[in-house]
Amino acid sequence: MQNKEILLQVKNVKQYFNEGKRNEVRAIEDISFDIFKGETFGLVGESGCGKSTTGKAIIKLNDITDGEILYEGVDIQKIKNRKDSLKFNKKMQMIFQDPYASLNPRLKVMDIVAEGIDIHKLASSIKDRKKRVYDLLETVGLSKEHANRYPHEFSGGQRQRIGIARALAV
Ligand SMILES: Nc1ncnc2c1ncn2[C@@H]1O[C@H](COP(=O)(O)OP(=O)(O)O)[C@@H](O)[C@H]1O
Ligand SMILES: [Mg+2]
């Protein structure tokens, strides 16, 4: 992996919740790793050791307590304005662990998967939007007939696939 391009650098990151208070949680205490382009990176550890917190820090869902996270060499904590945030969010997507809690129960699969397409204005027409969603559903092993259904009409595994399609959409 040495000659490959570094995509993500996590450097001495700490994440404390409720810092200084009685209920302080030190969720991450000094983690460092690099992820290279094209690499599939697995982070393994016992329940509660800070894996999800690390993921959330990387996609900037939480502001970290200390350390540095560089994506393509850019310190993600310095991404502030809307334009740069949009650019960043387009490149980094999370597939959440709980596929039921992470899908809006009031939206049909079509609109769940198309959310990122809409935010980033990726579709040139309504027809193109539909086609993109159909293609994404096929990519994750679902079919276009599923686009018109609501999340509760799917199995857990199928719901997880909807979350993957949504992440791939951008
Ligand atoms: N928003 C939060 N506020 C307070 N504590 C949190 C918060 N999120 C996670 N934690 C705590 O941080 C620790 C790490 O959690 P997490 O990253 O979800 O672990 P896991 O490795 O199982 O994904 C746990 O003790 C958890 O209770
Ligand atoms: Mg977790």
Self-check item: Positions within region 121-166 being in a helix (DSSP H, G or I), among the hydrophobic types (A, V, I, L, M, F, W, C) and in contact with a helix residue (DSSP H, G or I) (Cβ under 8 Å, 6 or more places away or on another chain), in sequence order
Solution: 133, 136, 137, 147, 162, 165
Quiz item: So which residues in region 56-110 are of a type in the set (Asp, Glu), touching a residue at least 40 places away in the same chain (Cβ under 8 Å) and outside any strand (DSSP E or B)?
Solution: 72
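Conditions tested, residue by residue: (1) at pLDDT 95 or above; (2) of a type in the set (Lys, Arg).
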site	(1), (2)
86	no, no
92	no, no
98	no, no
114	yes, no
117	yes, no
122	yes, no
125	yes, no
132	yes, yes
Quiz item: residue 60 fails exactly one of the following numbered conditions: (1) among the charged types (D, E, K, R); (2) open to solvent by less than 70 Å² (accessible area, probe 1.4 Å); (3) more than 15 Å from ligand 1 (Cβ to nearest atom). What is the number of that condition?
Solution: (3)
Practice problem: Quickly run through region 38-55 and pick out the residues that are free of Cβ contacts under 8 Å to residues at least 40 places away in the same chain and either more than 10 Å from ligand 2 (Cβ to nearest atom) or within 17 Å of the chain's Cα centre (by Cα) (or both). | Solution: 38, 39, 40, 41, 42, 43, 44, 46, 50, 51, 53, 55
Practice problem: Sort through 64, 35, 79, 58 and tell me the only one that's of a type in the set (Val, Ile, Thr) and within 16 Å of ligand 2 (Cβ to nearest atom). | Solution: 58
Practice problem: May I ask you to list the residues in region 34-57 that are loosely packed, with under 11 Cβ neighbours inside 10 Å and aromatic (Phe, Trp, Tyr)? | Solution: 41
Practice problem: Select from region 2-33 the residues that are of a type outside the set (Lys, Arg), away from ligand 1 (no atom under 15 Å from the Cβ) and open to solvent by 60 Å² or more (accessible area, probe 1.4 Å) and list them in ascending order. | Solution: 2, 3, 5, 6, 12, 32
Exercise. Residue by residue through region 128-170, note down the ones that are among the small types (Gly, Ala, Ser), closer than 19 Å to residue 94 by Cβ and open to solvent by less than 40 Å² (accessible area, probe 1.4 Å).
Key: 156, 163, 165, 167, 169
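The values are calculated or read from the model by the stated rules, or taken from the named source; none is laboratory data. No experiment lies behind these values; they were computed from the predicted model shown. We place every Cβ from the backbone using ideal geometry, glycine too, and count neighbours over all the protein chains shown. With ligands, DNA and RNA removed, areas are computed over all heavy atoms of the protein, side chains included. Shrake-Rupley method; radii C 1.70, N 1.55, O 1.52, S 1.80 Å.
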